[in-house]
Amino acid sequence: MTGRMFKKIFNEIKKYDKIVLARHVGPDPDALGSTLGLKAIIEATFPDKKVYAVGNPASKFKYIGDVDKFTEDMYQNSLLIVTDTPDKARVDGVDPNKFKKSIKIDHHPFIEKFCDIEWIDDTASSASQMVMELAFNTKLVMTKEAAEKLYIGLVADTNRFLFYYTTAKTFDLVSRLIDETNLDFEKLYDNLYMRSFKEVKFGGYIADNLTVTEHGFAYLKITDDILEKYNVDAATAGNMVNNFNHIENVYAWGIFSYDKQNNNIRGSVRSRGPIINETISSKYNGGGHIYACGVRLKDFDEADNLINDLDKTCKEYIETSK
């Protein structure tokens with residue numbers, strides 16, 4: 001099945017002279033790495049094609065590459081490829097229905113079909129891994145520039161190969177990537193893990209103020225005044241959730257921050273045991289992987305409801321694990 005899918009996607013890329021690459025709102029390194037990496041691959045393979053990677057820029061990850069400004073004429077007779085995005089509502093800046101043809105490349109559990117061709121592999125570590133696999137199984141040309149972007153995306157989504165969805169295939173693809181492009185991966189970590197002093201201080205605030213529920217769910221609600229005090233935004237807070245993976249007697253944890261730009265609460269939740277995506281997606285219109293989820297909530301009252309539900313999820317996990 002996958003071999004036919006590789007061929008189908010390659011043939012569509014070959015067919016269209018104009019290709020638009022999109023990803024989810026609030027992009028992380030995998031969303032940016034997979035789109036910008038695929039852009040570099042397509043341009044190297046087909047130099048005459050017009051290829052655009054669109055979506056709102058993320059200044060924090062500017063080192064991965066620049067995005068293109070979307071214009072309405074990009075809809076005309078063009079192919080859309082959406083990476084790292086399971087549902088239409090989260091596609092950043094474009095309407096998939098307005099393109100002549102559309103393709104989804106995604107590693108999240110299926111939510112809805114919104115593209116003509118959908119390649120979904122929820123066993124893959126990242127969308128960046130899937131782009132590597134596509135390139136290595138077709139005539140697409142992998143370049144060092146593309147390899148750098150894809151490596152950053154994969155490393156960020158696996159937290160340096162620590163998460164459960166890091167597989168033998170992940171290591172095989174990364175090994176081939178390094179071997180064929182002479183990738184200097186050590187230097188890539190400098191940008192990925194560099195932190196400003198204000199972020200370090202903010203991380204200290206989070207650690208000092210985490211609340212742990214009776215059944216091992218740790219959380220922090222961050223209001224706008226706290227974000228202003230430390231001169232950070234909701235995205236910065238959410239990105240720090242992986243800093244708290246190994247706290248004794250904490251089974252799941254989340255950071256809930258007020259997002260002034262969208263006037264809602266941005267939540268990032270992680271787990272090292274309890275399955276959390278069912279709780280979040282069923283009642284709170286969020287989603288993600290079984291141990292890593294994101295959610296947008298109306299207010300902190302709704303966040304309190306989710307925190308109570310996640311505490312119950314941890315309680316059930318403890319009871320079933322005995």
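The values are calculated or read from the model by the stated rules, or taken from the named source; none is laboratory data. Not measured: the values here are computed from a predicted model. FYI the Cβ positions are ideal-geometry reconstructions off the backbone, even for glycines, and counts take in every protein chain you see.
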Original post:
Among the candidates V82, V94, which residue alone is at pLDDT 95 or above and assigned to a loop (DSSP other than H, G, I, E, B)?
Top reply: V94
Original post:
Restricting the search to the stretch 156-169, which residues are among the aliphatic types (A, V, I, L, M) and modelled with pLDDT under 95?
Top reply: A156, L162
**OP:** For the stretch 111-146, enumerate the residues that are buried (at least 21 other Cβ atoms within 10 Å of the Cβ) and either more than 18 Å from I13 (Cα to Cα) or outside the structural domain of D84 (by TED's automatic domain parsing) (or both).
**Re:** A124, S125, S126, Q129
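Quick check on this structure: which one of Y284, Y317 is closer than 24 Å to I120 by Cα and of a type outside the set (S, T, N, Q)?
Values: Y317 fails: closer than 24 Å to I120 by Cα.
Step by step, each of Y284, Y317 is checked, and only Y284 is closer than 24 Å to I120 by Cα and of a type outside the set (S, T, N, Q).
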Original post:
Does the stretch 72-95 include one or more residues that are closer than 22 Å to R4 by Cβ, outside the structural domain of N285 (by TED's automatic domain parsing) and among the basic types (K, R)?
Top reply: no
Original post:
So which helices (runs of 4 or more DSSP H) are wholly in the stretch 183-258 and hold at least 1 residues that are aliphatic (A, V, I, L, M) and under 17 Å from C293 (Cβ atoms)?
Top reply: 234-239
Original post:
If you go through the stretch 80-87 one residue at a time, do you hit one that is farther than 24 Å from L188 by Cα and among the acidic types (D, E)?
Top reply: yes
**OP:** Please find, among E148, E118, E133, the residue that is over 16 Å from the mean Cα position of the chain (by Cα), at pLDDT 95 or above and farther than 21 Å from L80 by Cα.
**Re:** E148
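Could you list, in sequence order, the residues of the stretch 136-151 that are farther than 13 Å from T2 by Cα and assigned to a helix (DSSP H, G or I)? Spell out how you get there, then give the answer.
Quick first cut of the stretch 136-151, residues farther than 13 Å from T2 by Cα only: 139-151.
If the condition is that a residue be farther than 13 Å from T2 by Cα and assigned to a helix (DSSP H, G or I), then K144, E145, A146, A147, E148, K149, L150, Y151 are the ones that fit.
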Subject >> Qualifying position, being in a helix (DSSP H, G or I), touching a residue at least 60 places away in the same chain (Cβ under 8 Å) and surrounded by fewer than 22 Cβ atoms within 10 Å (Cβ to Cβ), among K8, K14 >> reply: K8
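Consider R270 carefully, then state whether it is closer than 19 Å to C293 by Cα, out of contact with any Ser or Thr (no Cβ under 9 Å at 6 or more places or on another chain) and assigned to a strand (DSSP E or B).
On the way: closer than 19 Å to C293 by Cα: yes; out of contact with any Ser or Thr (no Cβ under 9 Å at 6 or more places or on another chain): yes; assigned to a strand (DSSP E or B): yes.
So R270 fits the description; yes.
Residue by residue, here is whether (1) free of Cβ contacts under 8 Å to residues at least 24 places away in the same chain; (2) surrounded by 17 or more Cβ atoms within 10 Å (Cβ to Cβ) holds:
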| site | (1), (2) |
| --- | --- |
| T223 | no, no |
| K229 | yes, no |
| V232 | no, yes |
| N239 | no, yes |
| N243 | no, no |
| A252 | no, yes |
| F256 | no, yes |
| K260 | no, no |
| G267 | no, yes |
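Residue-wise test of (1) at pLDDT below 90; (2) closer than 17 Å to L210 by Cβ; (3) outside the structural domain of F163 (by TED's automatic domain parsing).
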site	(1), (2), (3)
N249	no, yes, yes
G254	no, yes, yes
N262	yes, no, yes
S268	no, yes, yes
R272	no, yes, yes
T279	yes, no, yes
L297	no, no, yes
A303	no, yes, yes
D309	no, no, yes
